[in-house]
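The values are calculated or read from the model by the stated rules, or taken from the named source; none is laboratory data. A quick note: this is a predicted structure, and the numbers were derived from the prediction, not measured. Every residue, glycine among them, receives a Cβ derived from its backbone with ideal geometry; neighbour counts consider all protein chains shown.
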There are 2 protein chains.
Amino acid sequence: MLQSKGYGATSADDALHHLDFQRRDPGPHDVQIQIRYCGVCHSDLHTVRNEWGNTVYPVVPGHEIVGRVVAVGNHVTRHKIDDIVGVGCMVDSCQRCDACGIGLEQYCENGFVGTYNGEEMHTGGMTYGGYSDSIVVHEKFVLRVPDKLDPAAAAPLLCAGITTYSPLRHWKVGPGQKVGVVGLGGLGHMGIKLAHAMGAQVVLFTTSPNKREDGLRLGADEVVVSKDAEAMARHQNSFDFILNTVAAPHSLDAFLVLLKREGTMTLVGAPATPHPSPQVFNLIMKRRHLAGSLIGGIAETQEMLDFCAEHGIVSDIEMIRMDQINEAYERMLKSDVKYRFVIDMATLA
Amino acid sequence: MLQSKGYGATSADDALHHLDFQRRDPGPHDVQIQIRYCGVCHSDLHTVRNEWGNTVYPVVPGHEIVGRVVAVGNHVTRHKIDDIVGVGCMVDSCQRCDACGIGLEQYCENGFVGTYNGEEMHTGGMTYGGYSDSIVVHEKFVLRVPDKLDPAAAAPLLCAGITTYSPLRHWKVGPGQKVGVVGLGGLGHMGIKLAHAMGAQVVLFTTSPNKREDGLRLGADEVVVSKDAEAMARHQNSFDFILNTVAAPHSLDAFLVLLKREGTMTLVGAPATPHPSPQVFNLIMKRRHLAGSLIGGIAETQEMLDFCAEHGIVSDIEMIRMDQINEAYERMLKSDVKYRFVIDMATLA
């Protein structure tokens, strides 16, 4: 077994702290990665504090991983030593079901293996994430990080990036379309950059008037304060697509009525308690859709990284040391981050 | 003006009673129809009792109309005297917007004119519906009723039929697909017949075990009692499409989890109070859709009538006399009808 060092929690009340643990030795199809950067996702915090009720302790979070290949198995063909690579939210899936067959591993009918707090397919134990010095992953779940991308700022692309890129692509966002992004956080700021790069007219909806300038800087054509009823009314029936990144319970109706006939609003954040129930009339009257979307497949994640390299897109990040993680969680809860914390894993030692 | 007789209400507390009123004289593009049959839709009752808060009295309900052409304007080309024709939920729309331009008058951006309780475009007054001896309608909103269809049993096709046909077509229901129909009432029984005729595998969901036999007779391949948790669990992740016809507030989650990846559940009933809020996870985990659909366009309504003629489909009806309408409303509230009341308008006089 491979000895790993990391930061983890041993109970829901626990602060994150140093943790030594074991990973499987690299098999013939595995890539061993020395982790250099790991983004901090809100899911990390949910899991550490067992807010979804499914955490197995000890847990080592982190699924926005960028690092350097330090070992490869005999049969690995996709990656070689010294490559800069990434790992996102998944490290395995059944590879047999229809979904896996068409590159939608995130919808694997047998359940994909999460990068942390997932059931390891080889050892029978749990998976441990990227708040760590190293990780061992099947080559199929390892992404090439293009040279053009700053590796630290690319880390959040592996979750925040693909979670917004996938629905924008699936619902065919492009030139001539008017696209809304609800919420300016880790996901929202990527949504704006990506939708803008895809050629759409982008409108950011935020509850904070002081985010206007940043929204425009990130690529929004317009910023609407969603509490401003008049401004909202001006946009009624005008959007082709709305990407809703807000997990806090809020009125979906306020945004559904902004969709054109046959428009879709896609939710990528899951609230702990449900949103107020949407009015059925708002769906019926314009044949509108409410949908959800989960991260993205592996091939699509590679496509997203290549798209970001082509368009010069990375995440806006604030680099932290490993020992600042608990403080970073508190700041994340107050939305006091622009727009993603990334841990410099060199600070682990 | 054209003198008309009918049945209407003069206040929300009023029973329906004889009412004399005036319609416009047929203009150059109008068709005057002697009404022979009119179906009884739940919307009629909602409007009569002002349950949607928008009723203008006096109101004459009825939007499932079949009758005989008795006069046509100079410029009418589509219909001639003695034709058997139908009128559904709409009698006009702007004819200028994008939606009207592609035959989606039901989503007219300037609002279609309802067959009753709508603002008449020509007189500035209100429209009066089919609980009446005659009606005057622009030829574009008049449908040909194929000879093969029994005219009385065809009347409910004009609302219940098209409301279920349109979403089944829009979401491309056909052979090889597994389709759910939620609720066995006026809409649900049409949904089963139509989805079956389109070649889909049809499963009826009902709360009433005693509707099983009827569901199978109407064309369902299987009937599932939705309170039976085990039976429901067996159908998880298996439906391409679910047509939900139930307007009473109920758990949408119970059906959303039955959809395959990327499946859609479409609501065609609008509850007076919202459904319990659906779990966002159920949308996210399989990229599922929740949508709504409103009746259907005029061309599509004609297509539906022709489809029904081809497949020998009409509504299951119980014929009533005009003076039985108040009793029929009470029975409708108790779901004591298989599956649509139709008024024999010869009984008006």
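Selection of first residues in the range A:23-44 that are over 18 Å from residue A:328 (Cβ atoms) and of second residues that are of a type in the set (Phe, Trp, Tyr) and surrounded by 24 or more Cβ atoms within 10 Å (Cβ to Cβ), restricted to Cβ pairs under 7 Å at least 6 apart or on distinct chains, gives the following pairs, ordered by first then second residue: A:23/A:128. Checking the structure you have, find out if any residue of the range A:82-96 is within 26 Å of residue A:321 (Cα to Cα) and within 14 Å of chain B (Cβ to nearest Cβ). Yes, the conditions are met somewhere in the range A:82-96. Quick one: residue A:292 ticks every box in (1) over 25 Å from residue B:107 (Cβ atoms); (2) within 20 Å of the chain's Cα centre (by Cα) bar one, so which box is it? Evaluating residue A:292 over (1) over 25 Å from residue B:107 (Cβ atoms); (2) within 20 Å of the chain's Cα centre (by Cα) leaves (1) as the failure. Taking each residue of the range B:224-238 that is touching a residue at least 60 places away in the same chain (Cβ under 8 Å) and looking for partners that are surrounded by 14 or more Cβ atoms within 10 Å (Cβ to Cβ) and of a type in the set (Lys, Arg) with beta-carbon atoms closer than 8 Å, six or more apart or interchain, yields B:238/B:178; B:238/B:260.
Let's see how each residue does on (1) touching a Ser or Thr at 6+ places or on another chain (Cβ under 6 Å); (2) within 25 Å of residue B:266 (Cα to Cα); (3) of a type in the set (Lys, Arg):
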| position | (1), (2), (3) |
| --- | --- |
| A:222 | no, no, no |
| A:229 | no, no, no |
| A:234 | no, no, yes |
| A:237 | no, yes, no |
| A:253 | no, yes, no |
| A:273 | no, yes, no |
| A:276 | yes, yes, no |
| A:288 | no, yes, yes |
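Screening residue B:243 on (1) part of a helix (DSSP H, G or I); (2) crowded, with 19+ Cβ neighbours inside 10 Å; (3) more than 9 Å from chain A (Cβ to nearest Cβ); (4) of a type outside the set (Val, Ile, Thr) shows it passes everything except condition (1).
Anything in the range A:194-225 that is assigned to a helix (DSSP H, G or I) and touching a Leu at 6+ places or on another chain (Cβ under 6 Å)? List them, or say none. Once the filter is applied, which keeps residues that are assigned to a helix (DSSP H, G or I) and touching a Leu at 6+ places or on another chain (Cβ under 6 Å), the range A:194-225 yields A:194, A:195, A:211, A:215. The requirement of being within 29 Å of residue A:340 (Cβ to Cβ) and within 12 Å of another protein chain (Cβ to nearest Cβ) is satisfied by residue A:99.
Every listed requirement among (1) surrounded by 14 or more Cβ atoms within 10 Å (Cβ to Cβ); (2) of a type in the set (Ser, Thr, Tyr); (3) in contact (Cβ under 8 Å) with a residue 40 or more places away in the chain is met by residue B:127 save one, (3).
The residue that is farthest from residue A:247 (Cα to Cα), counting only those in the range A:146-190 that are in contact with a Lys or Arg (Cβ under 7 Å, 6 or more places away or on another chain) and among the hydrophobic types (A, V, I, L, M, F, W, C), is A:160.
Considering the range A:269-293 alone, what residues qualify as being surrounded by 20 or more Cβ atoms within 10 Å (Cβ to Cβ), touching a Pro at 6+ places or on another chain (Cβ under 9 Å), assigned to a loop (DSSP other than H, G, I, E, B) and within 7 Å of chain B (Cβ to nearest Cβ)? Of everything in the range A:269-293, those that are surrounded by 20 or more Cβ atoms within 10 Å (Cβ to Cβ), touching a Pro at 6+ places or on another chain (Cβ under 9 Å), assigned to a loop (DSSP other than H, G, I, E, B) and within 7 Å of chain B (Cβ to nearest Cβ) turn out to be A:275, A:287, A:293. Does the range A:255-262 contain at least one residue that is away from chain B (no Cβ under 13 Å), within 24 Å of the chain's Cα centre (by Cα), closer than 30 Å to residue B:113 by Cβ and not basic (Lys, Arg)? Looking for residues that are away from chain B (no Cβ under 13 Å), within 24 Å of the chain's Cα centre (by Cα), closer than 30 Å to residue B:113 by Cβ and not basic (Lys, Arg), one finds at least one in the range A:255-262, hence yes. Looking across the range B:78-107, the residues that are touching a residue at least 60 places away in the same chain (Cβ under 8 Å), under 21 Å from residue B:5 (Cα atoms) and of a type in the set (A, V, I, L, M, F, W, C) come down to B:84, B:85, B:87, B:89, B:90.
Put simply, of B:184, B:149 the only residue that is in contact with a Cys (Cβ under 8 Å, 6 or more places away or on another chain), assigned to a loop (DSSP other than H, G, I, E, B) and closer than 21 Å to residue B:313 by Cα is B:149. Evaluating residue A:175 against the criteria (1) assigned by TED's automatic domain parsing to the domain that holds residue A:200; (2) buried (at least 18 other Cβ atoms within 10 Å of the Cβ) leaves one unmet condition, (2). Residues in the range A:246-267 that are within 22 Å of residue A:210 (Cβ to Cβ) and crowded, with 23+ Cβ neighbours inside 10 Å: A:246, A:255. Pick from the range B:1-22 the residues that are of a type in the set (Gly, Ala, Ser) and in a loop (DSSP other than H, G, I, E, B): which of them is farthest from residue B:330 (Cα to Cα)? Selected residue: B:11. Among the residues in the range A:51-62, are any over 25 Å from residue A:320 (Cβ atoms) and either at pLDDT below 95 or in a strand (DSSP E or B) (or both)? Yes, that holds for at least one residue.
Looking only at residues of the range B:91-127 that are among the aliphatic types (A, V, I, L, M) and in contact with a helix residue (DSSP H, G or I) (Cβ under 6 Å, 6 or more places away or on another chain), we find that the one that is farthest from residue A:259 (Cα to Cα) is B:91.
Tell me, yes or no, whether the range A:70-77 has at least one residue that is within 23 Å of residue A:318 (Cβ to Cβ) and in contact (Cβ under 8 Å) with a residue 60 or more places away in the chain. Looking through the range A:70-77, none of the residues is within 23 Å of residue A:318 (Cβ to Cβ) and in contact (Cβ under 8 Å) with a residue 60 or more places away in the chain. When the criteria are applied in full, residue B:225 meets the requirement of being in contact with a helix residue (DSSP H, G or I) (Cβ under 7 Å, 6 or more places away or on another chain) and more than 11 Å from chain A (Cβ to nearest Cβ).
Of the residues making up the range A:88-103, those that are part of a loop (DSSP other than H, G, I, E, B) and closer than 13 Å to residue A:163 by Cα are A:88, A:89. Selection within the range B:311-323: residues that are assigned to a helix (DSSP H, G or I) and in contact (Cβ under 8 Å) with a residue 40 or more places away in the chain. The member of this set that is nearest to the other protein chains (Cβ to nearest Cβ) is B:311. If we scan the range B:330-344, do we find a residue that is assigned to a loop (DSSP other than H, G, I, E, B), within 14 Å of chain A (Cβ to nearest Cβ) and farther than 29 Å from residue A:245 by Cα? No: the range B:330-344 contains no residue that is assigned to a loop (DSSP other than H, G, I, E, B), within 14 Å of chain A (Cβ to nearest Cβ) and farther than 29 Å from residue A:245 by Cα.
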